[in-house]
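Notes follow the structure.
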C-alpha cells in the first residue's frame, strides 16, 4: 500500500497517473493521483519543493512495491521449479529401486 501524506492509502497497482497542478493562493501547489477506476485524490502544498518531494517519495514507493511483487513471484517460481526437480529425482530413484526388487529389465518395461 502506498501512503499519500497520511490521508490516503492506495494499492500501487491501482494508480494510473501522478500529476502536479497549480491551485489556490493559500496552497498553490497540488499533487493529484488518478486511479484506474477514474477516481482522483489530491493534496495541496504551500511550497513547490514540498510537493516535489512528496511526488518523488510516492514514485519511489510505487516502484518498490511493484518490484517487491515481482520478486515474490520470481522467488515462488524458483521454489516450485526446485520442488519439481526434487520430485523427479525421487521418482526416478523409486522406479530404479522397484525395478531391482521386481527384477524388471528396461527392455521388458518398454515392451509391456
Qualifying positions in the stretch 52-72 - farther than 19 Å from residue 16 by Cβ and at pLDDT 90 or above: 52, 53
Pairs with Cβ under 7 Å, 6+ apart, first in the stretch 6-17 and part of a loop (DSSP other than H, G, I, E, B), second surrounded by 13 or more Cβ atoms within 10 Å (Cβ to Cβ) and modelled with pLDDT under 85: none
Residue 32 in contact (Cβ under 8 Å) with a residue 12 or more places away in the chain and under 22 Å from the mean Cα position of the chain (by Cα): no
Extreme residue, nearest to residue 4 (Cα to Cα), among residues of the stretch 53-63 that are without any contact (Cβ under 8 Å) to a residue 24 or more places away in the chain and surrounded by 12 or more Cβ atoms within 10 Å (Cβ to Cβ): 57
Residues being assigned to a loop (DSSP other than H, G, I, E, B) and either surrounded by 13 or more Cβ atoms within 10 Å (Cβ to Cβ) or in contact (Cβ under 8 Å) with a residue 24 or more places away in the chain (or both) - total across the stretch 18-29: 3
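The values are calculated or read from the model by the stated rules, or taken from the named source; none is laboratory data. Keep in mind that what you see is a predicted model, and the values were worked out from it rather than measured. Counting neighbours? That spans all protein chains shown, and the Cβs are built from the backbone with ideal geometry, glycine included.
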